[in-house]
1. Step by step: first the residues of region 107-136, then only those that are over 30 Å from residue 70 (Cβ atoms) and of a type in the set (Ser, Thr, Tyr), then the one that is farthest from the chain's Cα centre (by Cα). Which residue is that?
2. Could you please find all residues in region 168-181 being open to solvent by 30 Å² or more (accessible area, probe 1.4 Å) and within 15 Å of the chain's Cα centre (by Cα)?
3. Check off (1) open to solvent by 70 Å² or more (accessible area, probe 1.4 Å); (2) farther than 17 Å from residue 76 by Cβ; (3) at pLDDT 70 or above; (4) small (Gly, Ala, Ser) for residue 37 and give me the number that stays unchecked.
4. Test residue 184 against the stated conditions and say whether it is at pLDDT below 95 and crowded, with 18+ Cβ neighbours inside 10 Å.
5. In this structure, does residue 78 turn out to be charged (D, E, K, R) and assigned to a strand (DSSP E or B)?
6. For region 170-193, state whether one or more residues are under 29 Å from residue 73 (Cβ atoms), in contact (Cβ under 8 Å) with a residue 40 or more places away in the chain and hydrophobic (A, V, I, L, M, F, W, C).
7. Has region 137-147 got at least one residue that is touching a helix residue (DSSP H, G or I) at 6+ places or on another chain (Cβ under 7 Å), aromatic (Phe, Trp, Tyr) and within 26 Å of residue 60 (Cα to Cα)?
8. Given the conditions (1) open to solvent by 30 Å² or more (accessible area, probe 1.4 Å); (2) touching a Pro at 6+ places or on another chain (Cβ under 6 Å), which single one is not true for residue 81?
Amino acid sequence: MVKEVVFVTGNSNKLKEVVSILSGPSFDSQASVNVVGHYKIVNQSLDLDEVQGTISEVTIKKAQQAANWINKPVLVEDTALVFNAFYGENNGVNDLPGPYIKWFLKNLGLTGLINLLYKFDDKSAKAICTFGYCEGPNQPVLLFQGITEGIIVDKPRGPTDFGWDPIFQPVGFNETYAELDKKVKNSISHRFKALDKVKDFFLNN
């Protein structure tokens, strides 16, 4: 028996990247349907509340709200970018920009994000992706997290149509996420690492 899971997103670029990693060539891009194990993944856009908290707390709250709204199993994603230089500034209580990277980017732009580290010698950063899976209303949320280490470059490089990719250069590469071939990025990204755990869960449950 196949169980339908709603991946909560209205971002077409994110959907394409997620399904490409999760299912590879078996994904039917026309139908936007993907079967992994006993789970069929469909997508739906929901205007979820923008809650505050740690990366895990934000993901859990989003998954619980989505499950309550549509009364189905849901999969939500939260992406964070953490500047390691800021860790000592707030004792790691809430790594920044962290889960608020979307708002930092919207208000400061790519160059503004880079300038936040102007007086810091430490330009290292963590790209963190956390997926939350919830079976339905009042059910616990399972978390699947992937982390890719990197640095913040001194100026944006590559296409600027996918968030903060132009300023994040993963460890072991001379290119930013934006400059990397999509297949290469999808094999080492924070999203890939988190989705690999999601896929393992879907195939073994």
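1. Taking the candidates together, the pick is 118.
2. none
3. (1)
4. So residue 184 fails the test.
5. Taking the combined requirement at face value, the residue satisfies it.
6. Taking every residue of region 170-193 in turn, at least one turns out to be under 29 Å from residue 73 (Cβ atoms), in contact (Cβ under 8 Å) with a residue 40 or more places away in the chain and hydrophobic (A, V, I, L, M, F, W, C).
7. Looking through region 137-147, at least one residue is touching a helix residue (DSSP H, G or I) at 6+ places or on another chain (Cβ under 7 Å), aromatic (Phe, Trp, Tyr) and within 26 Å of residue 60 (Cα to Cα).
8. Unmet for residue 81, out of (1) open to solvent by 30 Å² or more (accessible area, probe 1.4 Å); (2) touching a Pro at 6+ places or on another chain (Cβ under 6 Å): (1).
The values are calculated or read from the model by the stated rules, or taken from the named source; none is laboratory data. Treat the numbers as computed from the prediction; the structure is a model and nothing was measured. Backbone-built Cβ (ideal geometry, glycine too); neighbour counts: all protein chains shown. Note: accessible area is taken over every heavy atom of the protein model, side chains too, but ligands, DNA and RNA are not part of it. Shrake-Rupley method; radii C 1.70, N 1.55, O 1.52, S 1.80 Å.
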